[in-house]
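Accompanying notes for the structure given below.
The values are calculated or read from the model by the stated rules, or taken from the named source; none is laboratory data. Small disclaimer: the values here were computed from a predicted structure and weren't measured. Cβ placement follows ideal geometry from the backbone for every residue including glycine, while neighbour counts extend to all protein chains displayed.
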Amino acid sequence: MGSEFSRTLSLLRQERGVSQRTAAGDMGISQALLSHYENGIREPGLAFVVRACDYYHVSADFILGRTLSRDGSMFTTEDVLNTAEQGSVLQGSVLATLQSKLLTSALGMLFDLLGKLNDRAALNAAAAYFGTAVYQMYRRFYRAAGGNESFFAADPAVFAMGAGDADMKLSESRYDRALRLQGEKKAPFPDCSGEALSAGYPGRCQGLTQVLHGADTRLTERTRE
């Protein structure tokens, strides 16, 4: 079944906040056997997979790593064509439309969660971070397309030296500080568990999970290079 199953099985238990002993007992197996499953030492049979899906309230596709949606749904080309504006699909690629949809869903959820926290500093820092990210991507595209750099006020030399990266890092630092201060004040953060997000954002949660999974995979691969 691969390492994805073992990792997901372990994360689901931790997310639920139960020990291996408790989870094993609830699913009718020994703690030692569950430990083997979670560490990829042994592969379970179909009966256990079904039992685990029922116990954690997820689909088999999710626990097997075939989709990032807990209910087993996947984004398909038809999903994009049915939900995106026709012009954007016809004038660009379906892949570009899908990527835009995923990021829009992820960012929409993030800012909605930040809005519930009601912290202006965190919201402004997040907006500045993503604003500069878009600025950098577009400016590079504009330049490659033959656009005149005088369109932008920031000096090309300063931009080339990483001014955008520095600005994003500063925004990230301010964002982190704002959230840390909220934590110190015991502010009521919204529930970010998978079940809560799926229930609160049924139409957008998959976009966030796919964006997170993609970034997490890239970062994991970087550490192995």
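Scanning region 34-59 for residues that are surrounded by 15 or more Cβ atoms within 10 Å (Cβ to Cβ) and not in a loop (DSSP other than H, G, I, E, B) yields L34, S35, H36, Y37, E38, F48, V49, R51, A52, C53, Y55, Y56. Taking only pairs six or more apart or across chains, which ones have beta-carbon atoms under 8 Å, a first residue in region 107-122 that is assigned by TED's automatic domain parsing to the domain that holds G200, and a second residue that is assigned to a helix (DSSP H, G or I) and polar (S, T, N, Q)? Filtered contacts from region 107-122: L117/Q182; D119/Q182; A122/Q182. Among residues of region 178-193 that are more than 23 Å from E15 (Cβ to Cβ), those with a Cβ under 9 angstrom from a residue that is in a loop (DSSP other than H, G, I, E, B), sequence gap 6+ or separate chain, pair up as A178/D119; L181/D119; L181/A187. Among the residues making up region 15-33, those that are surrounded by 15 or more Cβ atoms within 10 Å (Cβ to Cβ) and assigned to a loop (DSSP other than H, G, I, E, B) are V18, I29. Would you call Y129 modelled with pLDDT of 90 or more, within 20 Å of R180 (Cβ to Cβ), among the aromatic types (F, W, Y) and surrounded by 16 or more Cβ atoms within 10 Å (Cβ to Cβ)? Considered against the rule, which asks whether it is modelled with pLDDT of 90 or more, within 20 Å of R180 (Cβ to Cβ), among the aromatic types (F, W, Y) and surrounded by 16 or more Cβ atoms within 10 Å (Cβ to Cβ), Y129 comes out as yes.
Taking region 1-45, which residues are of a type in the set (V, I, T) and modelled with pLDDT of 90 or more? Within region 1-45, V18, T22, I29, I41 qualify.
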